[in-house]
Amino acid sequence: MIAFDTGKEVMLVMSIIFIGILLYMMIVEGEQRKKVYNIRRLAPMDAIEEVIGRGVEMNRPIHFCPGTGALNRLEATSTLAGLTLLTYIAGIAVKVGCRIIVTVSKADVYTLALEIVRTAFRLEGKEEEFVEEDIMFMPQQKSAAGMLQRENVAANFLMGAWWHESLVMMEAGSRVGAMNVCGAAYTLGQLPWFVACSDYVLIGEEFYAASAYVSRDPAETCLIAGQDYVKFICLGLIALGSILATMGIPVLTKLFGGG
Amino acid sequence: MSFDKLFDLDQKYLYLVLAIMVSIPIIKPLGLPVVPGTYTKGTYDFISSLPEGSVFVLDAAQTAGYGAELQTQYVAILRHLLSLDVKLVIVSFAAEGPMLVDMGFAGGTISGTPVDPAFYGDVYGEDYVYLGFIPGGETAFFAFGLDCWMTKVDEYGTPLEDLPIMQYCKTGEDWYGIMSFAGGNHEQRIAQWNSVYGVPLLFGVPGVSAPRMYSYIATGQVESMLVSLIGAAEYEMLSGKVGLASSLMDVLSLGQITIVFFIILGNIGYYIERRRGVK
Amino acid sequence: MSSYDDSIRNISIFITIVIGWFMILEYFVKAPAINSFAGTISSISTCLLATFTIIGVGNLSRHHVKNILTQGRNWMPSVVLIVSCWIPLVIGIIGTRKDPTYAYLYNSLYLPTSQAFFGILSFYILSAAYRTFKTRSLDSTVLLLAAIFVMMGNAPATSIIWSGFAPLGGWILDVCTAAGVRGISIGIAIGSVVTALRVLVGRERRHLAGRE
Amino acid sequence: MGLYENLLIGIFTLAIWSLIYRENIFYRYAEHFYTGFAASLIVVQGWESVKKIAFIPLMQGELIWLLVPILSIPFFLFFFKKTRALYMIPIALLVGLGTALGLRGAIHAQILGQVIGTMSSMIKDTPMGTFNAVLITIGTFCTLSYFTFTREMPGPLKSIPRVGRLFIMAGLGGAFANTTMGRLANMSGILLKIWKTEAIYVIAGAAIIIAIDTIQRRKK
């Protein structure tokens, strides 16, 4: 017997609206009309090439970590966004000949990171230069702190879902004078450290928009524009709902099952 | 000038000062005052107003990594609940739960003095029970609400049929309240327990997770919470059962004052440096 | 080689799409068979995650054994790593984690080390705060003041100096932090919806090392 | 716990903490030990949950769990070049599940939950309460508008994202303070173990080693 789970009507309608807007923007605007939206400046992404270049000049490696989240949980999207950026960063690093060290603490993500970096080397035709040992599996991410200091890294990219390990990693980076470039969403308790300790930081939603910012692929930038529309709907709901409720007509609030 | 050095200290000295400051109260407790905050009061009021014989679930999902933070909360709440006339069902949704629940009863360095249920006149199987660890995260929260007998046996291998308390607790509908000590997966618990059964949900959270909880409390999805060691200490004070948390509070006070002191010191240095730069 | 990889990649993306949309629809549907099947998928994924460690631990051991054999840098610590990995592993698999030897190693060696890593954070917080929390701009001043007042409010001892710290700290948490965090959470949520959607319509292949 | 355990706890704790002084040989051994044991732990934990979730039901005849061993084959094939790419298939299942849960949770608990939470009457019993409610609503509105990427706020509304950024900073300040409290609480638990047991003797040893090291480095 299949029945609709009552009490989830609002959720269903809103999901359809949100997903509908996003799919329309991606498929119609992006893939068919090839429209490219300008995205506001994200300083960390502009700095990546320079940061990696600094590593080459100083003859020191760079380090990347896609966070400590697993793939089958809620935080999967953060990890995937981090891995997307690894594709970009590894691509640049291999091109300019900078050694890239990746540490991963979840075995599933490790496999993905390993293959992403291997592919980056293959695309540049340098597959024989690929050193599998540089993609390290660290069952406990915090134990990578000492390795950062031993390897004397020049840049420390921390992009993904983070918990308490973030501060250990960032402090280890700043000890050896590495530039910390961080992107973090999902765990709010860690954001203050990212803002305070890193040279460049992508906060919250900026992190998800970063890959579109660098790829400038029409479908991706249109999706970011769609994201903004969804946000405008939320802003409108917040403004309208709270004003109506204050005036004593909590129609919208009741409709959404609140209040 | 030696004065300048004060504002650009080597990290080693900072660490040394912090280590000394936090060690003082451990060697000799100072007994600094504790003032209960609103959320701790909310938790205390909720638990003390539980009706006689109601079923209360403790989700002991604390892990050793969080150390004294969650364990002291758990012990403070456990002591208070045992002294009340409620049916207490303890369960763990974290693998390290069983170890820490045992430590709660037996006492330990991060748990304080032992908790003896017999002291409060409680009998295992009638007034309280421990169901052990249930793996599976969100799916397990869901399944446990659907069927509290899913484990078939308790932690010590006794079939649930032989435990009279379990007759009162069959599904999530029977719960009067649930308190979860967890470092993560809070949203999933809200979704599976509060949204589905409307059970009042309380949390004992580490300091890191507290910021995201404020908005859930404001929306009423979460009843109230204890935050970190300070929540445990305040709770101990309210319930009149002083334990480890109260004695560790001094560490927290002195540690935070040290950090604030150094932040201010760093800023004075920065200010002087900037003024000199302008000239 | 690469066309073979691509076909596997396409199959994988197809699997992702099917599983993903099934899980989303399952949320809205009340049917015991479907709901329990979703639970099964979730359990299978937990098991797969567990078996994935074969790759991780296998490669970790391989690298360190290689390091020992070639007597590379830090080969002595590598010996420690191999020993501390495989001896408890064998004990833990044959017995369980309740095996006394395993429990002993876990409680008296692993746990303290793990907690020490946690404890190190307090030190790092101090040095990071001292180094970076400066009144450089309006933004950082706001951050700094909020942090100081909440911390003073969280330290009950400060009520000796001024009883207003705790209420002020509480107000900052209840109002400013709640508002700021709520805004950030909604933003993060929208961002993750977009990322998830790209994967669920098969437009994202970079995580599988695919080209655009 | 006995004397040896307490001494071991002291040695390992201080070896890890010596990292804050500088990277050294004691830390390196402790770190490698830790990594190794953590690796063994995830395998053992993993095996236990596989046994509990899949292996025992499979033995009882629930054939659906055969999927677990079948989908695990690619992990063994990963070590060979030709069959390496097969790892994508089990990953695909995880990614599908994770992204779906992420999408579901994000829309339900985070977007709708928080939007509904903000849509309440701003008039409260006390003037202070009303002020707070107004501030929370304005704060949420401004913070969210800080994260717009493709449009700029027109004319006079330009300062909204700026105010939003200030709210973010205040929020992060609060988060910082709470995190600090948590970490100090953790540390107090560890310090208890060191100061109240025989581990205290290790401190003396560590102090001597650090003193010798400092003097030697001064000489250089």
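Every number in this text was worked out from the coordinates using simple rules, so none of it is lab data. Note that the structure is predicted; figures quoted are calculated from it, not measured. Cβ coordinates were reconstructed from backbone atoms using ideal geometry, including for glycine residues, and neighbour counts include every protein chain displayed.
How many partner chain Cβ atoms sit within 10 Å of a residue's Cβ in peptide A:63-73, on average, as a whole number?
That works out to 5 on average.
Fewest first, what order do D:168, A:238, B:264 take by the number of other Cβ atoms within 10 Å?
B:264, A:238, D:168
Just to be sure I follow: if Rg is taken over the C-alpha atoms of the range D:109-220 and Rh is the Kirkwood radius over the same atoms, what is Rg/Rh?
1.31
If all Cα-Cα distances of the range D:72-118 are sorted into 5 Å bins from 0 onward, what percent lands in each bin, rounded to whole numbers?
The percentages, shortest bin first, are 5, 20, 16, 12, 10, 10, 8, 7, 6, 4, 2, 0.
What's the longest bit of chain C with no exposed trypsin sites (Lys or Arg not before Pro), using DSSP loop states and at most 15 other Cβ atoms within 10 Å as the test?
Longest site-free region, per DSSP loop and neighbour criteria: C:137-210.
Per DSSP H run of at least 4 residues, take -39500 (n - 2.57); add these up for chain A, divide by its residues and hand me the 222 nm value, nearest 500 deg cm²/dmol.
The helix-only estimate for chain A comes to -17500 deg cm²/dmol at 222 nm.
Note the angle between two axes, namely the Cα long axis of helix B:68-83 and the longest principal axis of the Cα atoms of chain B, as a number of degrees from 0 to 90, rounded to the nearest 10.
40
Whose amide H sits under 5 Å from the amide H of residue D:124, counting only residues 5 or more places off or on another chain, with H placed in the peptide plane?
D:130
Taking R0 as 35 Å, what FRET efficiency do you get between residue A:16 and residue A:38 from their Cβ-Cβ distance, rounded to the nearest 0.05?
Computed FRET efficiency for residue A:16 and residue A:38 comes out at 0.75.
Sorted by packing (mean other beta-carbon atoms within 10 Å per residue), highest first, where do C:188-195, A:192-199, B:123-130 land?
Taking the mean over residues of other Cβ atoms within 10 Å, the ranking is C:188-195, A:192-199, B:123-130.
Using the reciprocal of the averaged 1/r over all distinct C-alpha pairs, how large is the Kirkwood radius of chain C in Å?
Value: 23.9 Å, from the Cα pair sum.
In degrees from 0 to 90, rounded to the nearest 10, what is the angle of the helix A:205-215 Cα long axis to the longest principal axis of chain A?
So the inclination is approximately 60 degrees.
Within the range D:73-110, whose backbone N sits under 16 Å from a point 7 Å along Cα→Cβ of residue C:11?
Residues D:73-78, D:82-94 fall inside that zone.
With the radius of gyration and the Kirkwood radius both derived from the Cα set of the range A:217-259, what is their ratio Rg to Rh?
1.24
I'd like the chymotrypsin sites (Phe, Trp or Tyr not before Pro) in the range C:101-205 restricted to DSSP loop residues with at most 12 other Cβ atoms within 10 Å, sorted by number.
C:162
Could you please state, rounded to a whole Å, how far the C-alpha centre of the range A:34-52 is from the C-alpha centre of the range D:135-157?
So the two Cα centres are separated by 21 Å.
What percent does the relative contact order of the range A:74-153 come to when contacts are Cα pairs within less than 8 Å and at least six residues apart?
Worked out over the range A:74-153, it gives 32 percent.
Provide, for q = 0.05, 0.06, 0.09 Å⁻¹, the log10 of I(q)/I(0) from a solvent-free Debye sum over equal Cα point scatterers in the protein assembly as shown.
Debye intensities relative to I(0), on a log10 scale: -0.27, -0.40, -0.98.
Taking the Cα centre of the range D:71-220 as origin, sum charge times position over the Cβ atoms of Lys and Arg (+1) and Asp and Glu (-1), and report the length of that vector in debye to the nearest 20.
760
Would you calculate, for chain D, the mean residue ellipticity at 222 nm contributed by helices, counting each DSSP H stretch of 4 or more residues as -39,500 (n - 2.57) and dividing by all residues, to the nearest 500?
Result for chain D, helices only: -24000 deg cm²/dmol.
Report the relative contact order of the range A:43-214, percent, no decimals, based on alpha-carbon pairs under 8 angstrom and at least 6 residues apart.
Dividing the mean separation by the residue count of the range A:43-214 yields 26 percent.
Would you mind checking the tilt of helix B:11-27 against the longest principal axis of the Cα atoms of chain B, expressed as 0 to 90 degrees and rounded to 10?
For B:11-27 against chain B, the angle is about 50 degrees.
If one computes the Cα centroid of the range A:102-121 and of the range D:21-47, what distance in Å separates the two points?
21
Any idea how far the Cα center of the range B:180-239 sits from the one of the range A:203-242, in Å?
If we compute the Cα centre of each part, the gap is 30 Å.
Starting from the Cα of residue D:211, move 7 Å in the Cα-to-Cβ direction to define the label point; list residues of the range D:1-18 whose amide nitrogen is under 20 Å from there.
Output list for this probe position: D:11, D:14-15, D:18.
Would you mind ranking C:36, D:72 so that the residue whose beta carbon has the fewest other beta carbons within 10 Å leads the list?
C:36, D:72
For each of A:214, A:181, C:201, count neighbouring Cβ atoms within 10 Å of the residue's Cβ, then give the residues from fewest to most.
C:201, A:214, A:181
Points 7 angstrom from Cα along the Cβ direction at residue C:36 and residue D:204: gap in nanometres?
6.5
Please list the radius of gyration and Dmax for chain D, considering alpha-carbon atoms only, with Å as the unit.
When restricted to Cα atoms, chain D yields Rg and Dmax of 27.7, 73 Å.
For the range A:168-259, what is the relative contact order in percent, using Cα pairs closer than 8 Å and at least 6 residues apart in sequence?
Computed value for the range A:168-259: 16 percent relative contact order.
Using the 2.2 N^0.38 Å rule of thumb for compact globular proteins, work out how chain A stacks up: its C-alpha Rg over that value, please.
Chain A yields a ratio of 1.16.
Take every residue in peptide B:30-37, count the Cβ atoms of other chains within 10 Å of its Cβ, and give the average of those counts.
4
Going by average Cβ density within 10 Å per residue, which order do the peptides B:227-239, D:42-54, C:43-55 take, highest to lowest?
B:227-239, C:43-55, D:42-54
So for each of D:64-70, D:98-104, A:86-92 I average, over its residues, the number of other beta carbons within 10 Å; can you give me the resulting order with the highest mean first?
Per-residue mean Cβ counts within 10 Å order the peptides as D:98-104, A:86-92, D:64-70.
List every DSSP H helix in chain D whose Cα atoms extend 15 Å or more along the helix's own long axis and whose mean Kyte-Doolittle hydropathy is at least 1.6.
Passing helices, by number: D:67-77, D:88-105.
Are any of the pairs A:8/A:231; A:106/D:51; A:106/B:12 more than 28 Å apart by Cα-Cα distance, and if so, which?
Over 28 Å Cα-Cα: A:106/B:12.
Show that you can apply the helix-only estimate: for chain B, add -39,500 (n - 2.57) for every DSSP H stretch of four or more residues, divide by all residues, and state [θ] at 222 nm to the nearest 500.
Computed ellipticity for chain B at 222 nm equals -14500 deg cm²/dmol.
Using just the Cα positions, wrap the range B:1-112 in a convex hull and report its mean projected area in square nanometres, one decimal place.
Directional mean of the projected Cα hull area for the range B:1-112 stands at 10.7 nm².
Can you tell me which of A:223, A:114, A:240 moves the most in a GNM of chain A? Springs connect C-alpha atoms under 10 Å apart.
It is A:240.
Could you work out, residue by residue across B:219-230, how many beta carbons of other chains sit within 10 Å of that residue's beta carbon, and then give the average as an integer?
4
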